[in-house]
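See below for the structure under consideration.
The values are calculated or read from the model by the stated rules, or taken from the named source; none is laboratory data. The structure displayed is predicted, hence computed values, not measured ones. When we count neighbours, we look across all protein chains shown, and the Cβ atoms used for this are built from the backbone with ideal geometry, even at glycine.
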Amino acid sequence: MPRGIPAPEVGRSIFEITIPLERTVDVGQTQYGKRRVAVGLEGSVAGPRLTATVMPGALDFELTLANGTIEIEQTLVLRTADGSYVYLRNAGTGPNADDVRVVLDFEAPNASEHSKLNSGSYVARRELNASAKTLRLRVYDVSSVEVGTKNAIAIAKPTGAPAQPWNYRTKSASERQGEMLMRENVTLAPAQSVGASKRGNRNIIPITGGELSGRITGKVLMGGADFQNLSPPATIDAHYLWQADNGEIIIVRNGGSFGSLVPSFETRVDGPFGYPQRGALSELESRRGTRWRGAHVLRERGVSGARQR
């Protein structure tokens, strides 16, 4: 919303999303700011516009900048009463934790009764209670709201603060696959097919856990998914978390065409894997000048620990 995000309450209340949390993780000061991540369990959606279940594995990425401004990115999947899946990838901001407004973006099946969610303007009031392990989004339809200076917030980033990338990193023409540094053995839940939607044929494969070996040893945490767009050329945009054996949390983004994914990472800058220290995640940057370009993460995938490929 380039003119600013209006106060959600000036719109029409349509439903409330309630998500109990499996965990909240304070990642620390990363290359973008102070990062916290919440991982959701099964939740609920209730209201006059929609009744649904929130599927386990929702991710809420919270970034606090030097001036106190908060930026939010979320991924979650809903399962409606008729069995349809709806994918949401949301973004929001606020001057502080007491006023965080999130713009919702829905990908609902074009052929379903929920297709109206694919258009319109929807804003939620976000409330995260880490001690109670709950995340609540009170959602409003603001399609008919005229955004103005009295009901909107516009946020300025501190000088020099790097922008978070919205899209996954793509490799340059000069990049070539390098040595293998880590191996993932990722366990998956059954696919959640949205089908034909406003951005193509959407399919989601939730990540339920896994193991990590190689330069870093640890585990893949429950949460996130392979968010696939099966319309040609088919692509994957995966969001998920690693936890190293020493407890460090690493945010992983793995995207690209099938069979040619490009990983990128976010972790605390003063930790053993952080930039600019010469840790496992920064060694290639020190040698090559570009973070992890040419590095290779081998990924094996199984369903509930079974078949690997």
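Within the stretch 227-258, which residues are of a type in the set (D, E, K, R) and either in the same structural domain as Val27 (by TED's automatic domain parsing) or touching a Lys or Arg at 6+ places or on another chain (Cβ under 8 Å) (or both)?
In the first step, residues of the stretch 227-258 are kept if they are of a type in the set (D, E, K, R); the result is 237, 245, 248, 253.
Correct list: Asp237, Glu248, Arg253.
Taking the stretch 91-101 as the search range and keeping residues that are in contact (Cβ under 8 Å) with a residue 40 or more places away in the chain and either in a strand (DSSP E or B) or of a type in the set (A, V, I, L, M) (or both), which one is surrounded by the fewest Cβ atoms within 10 Å (Cβ to Cβ)?
So in the stretch 91-101, the residues in contact (Cβ under 8 Å) with a residue 40 or more places away in the chain come out as 91-95, 99, 101.
Next, from what is left, pick out any that are either in a strand (DSSP E or B) or of a type in the set (A, V, I, L, M) (or both): 91-94, 101.
On the way: Ala91: 17, Gly92: 24, Thr93: 21, Gly94: 20, Arg101: 24.
Within the stretch 91-101, the match that is surrounded by the fewest Cβ atoms within 10 Å (Cβ to Cβ) is Ala91.
When you scan the stretch 213-225, do you find a residue that is part of a strand (DSSP E or B), under 30 Å from Asn96 (Cα atoms) and not assigned by TED's automatic domain parsing to the domain that holds Arg35, even just one? Give the derivation first.
Step one: of the stretch 213-225, the residues part of a strand (DSSP E or B) are 213-214, 218-220, 225.
Subsequent filtering for residues that are under 30 Å from Asn96 (Cα atoms) retains 225.
Adding the requirement that they be not assigned by TED's automatic domain parsing to the domain that holds Arg35 leaves 225.
There is at least one residue in the stretch 213-225 that is part of a strand (DSSP E or B), under 30 Å from Asn96 (Cα atoms) and not assigned by TED's automatic domain parsing to the domain that holds Arg35.
What residue, among those in the stretch 155-169 that are surrounded by 11 or more Cβ atoms within 10 Å (Cβ to Cβ) and either over 17 Å from the mean Cα position of the chain (by Cα) or of a type in the set (Val, Ile, Thr) (or both), is farthest from Ala66 (Cα to Cα)?
Ile155
Determine whether the stretch 281-298 contains at least one residue that is at pLDDT below 95, assigned to a strand (DSSP E or B) and under 21 Å from the mean Cα position of the chain (by Cα).
As a first pass, look at the stretch 281-298 and keep what is at pLDDT below 95: 281-298.
From what's left, assigned to a strand (DSSP E or B): 296-298.
Filter once more, so that each one left must be under 21 Å from the mean Cα position of the chain (by Cα): 297.
Yes, because at least one residue in the stretch 281-298 is at pLDDT below 95, assigned to a strand (DSSP E or B) and under 21 Å from the mean Cα position of the chain (by Cα).
Would you mind telling me which numbered condition in (1) surrounded by fewer than 18 Cβ atoms within 10 Å (Cβ to Cβ); (2) at pLDDT 95 or above; (3) farther than 21 Å from Ala225 by Cα Arg125 fails?
Condition (1) is where Arg125 drops out.
Would the stretch 99-120 turn up any residue that is modelled with pLDDT of 95 or more and closer than 25 Å to Gly209 by Cβ?
No, every residue in the stretch 99-120 fails to be modelled with pLDDT of 95 or more and closer than 25 Å to Gly209 by Cβ.
If a residue has to be part of a strand (DSSP E or B) and either surrounded by fewer than 19 Cβ atoms within 10 Å (Cβ to Cβ) or among the small types (Gly, Ala, Ser) (or both) to count, how many in the stretch 186-212 make the cut?
Initially, the stretch 186-212 is screened for residues part of a strand (DSSP E or B), giving 186-188, 192-197, 200-212.
Add one more test, that the residue is either surrounded by fewer than 19 Cβ atoms within 10 Å (Cβ to Cβ) or among the small types (Gly, Ala, Ser) (or both), and what stays is 193, 195-197, 200-201, 209-211.
The qualifying residues number 9.
Going through the stretch 87-115 one residue at a time, which ones are of a type in the set (A, V, I, L, M) and within 15 Å of the chain's Cα centre (by Cα)?
Of the stretch 87-115, the ones of a type in the set (A, V, I, L, M) are 88, 91, 97, 100, 102-104, 108, 111.
The answer is Leu88, Ala91, Val102, Val103, Leu104.
So which residues in the stretch 247-262 are touching a Phe, Trp or Tyr at 6+ places or on another chain (Cβ under 9 Å) and closer than 17 Å to Val27 by Cβ, if there are any at all? Even if it seems obvious, please write down each step before you answer.
So the first thing to find is which residues in the stretch 247-262 are touching a Phe, Trp or Tyr at 6+ places or on another chain (Cβ under 9 Å), and the list is 248-256, 261-262.
Matches in the stretch 247-262: Glu248, Ile249, Ile250, Ile251, Val252, Arg253.
Can you pull out the residues in the stretch 8-33 that are more than 30 Å from Gly148 (Cα to Cα) and basic (Lys, Arg)?
At the first step, the residues of the stretch 8-33 found to be more than 30 Å from Gly148 (Cα to Cα) are 19-31.
The one that is more than 30 Å from Gly148 (Cα to Cα) and basic (Lys, Arg): Arg23.
I need a count of the residues in the stretch 141-166 that are assigned to a loop (DSSP other than H, G, I, E, B) and either at pLDDT below 85 or of a type in the set (D, E, K, R) (or both). Explain how you work it out, then say what you get.
Looking only at the stretch 141-166, we keep the residues that are assigned to a loop (DSSP other than H, G, I, E, B), and these are 142-151, 154-166.
If we keep only those that are either at pLDDT below 85 or of a type in the set (D, E, K, R) (or both) as well, we get 146-151, 154-157.
Selection size over the stretch 141-166: 10.
Which pairs do you get when a residue that is under 16 Å from Gly4 (Cβ atoms), found in the stretch 139-160, comes within reach of a residue that is among the basic types (Lys, Arg), reach meaning Cβ atoms under 7 angstrom, with the pair 6+ apart or on two chains?
Tyr140/Arg12; Val147/Arg3; Ala152/Arg3; Ile153/Arg101
Could you list all residues from the stretch 110-135 that are closer than 30 Å to Thr64 by Cα and aliphatic (A, V, I, L, M)?
Leu117, Val123, Ala124, Leu128, Ala130, Ala132, Leu135
Arg169 is checked against (1) in a loop (DSSP other than H, G, I, E, B); (2) within 25 Å of Leu78 (Cα to Cα) and fails just one. What number does that condition carry?
Tallying (1) in a loop (DSSP other than H, G, I, E, B); (2) within 25 Å of Leu78 (Cα to Cα), Arg169 fails exactly one: (2).
Checking Asp82 against (1) surrounded by fewer than 20 Cβ atoms within 10 Å (Cβ to Cβ); (2) within 21 Å of Val39 (Cα to Cα); (3) among the charged types (D, E, K, R), which test does it fail?
Of (1) surrounded by fewer than 20 Cβ atoms within 10 Å (Cβ to Cβ); (2) within 21 Å of Val39 (Cα to Cα); (3) among the charged types (D, E, K, R), only one is false for Asp82: (2).
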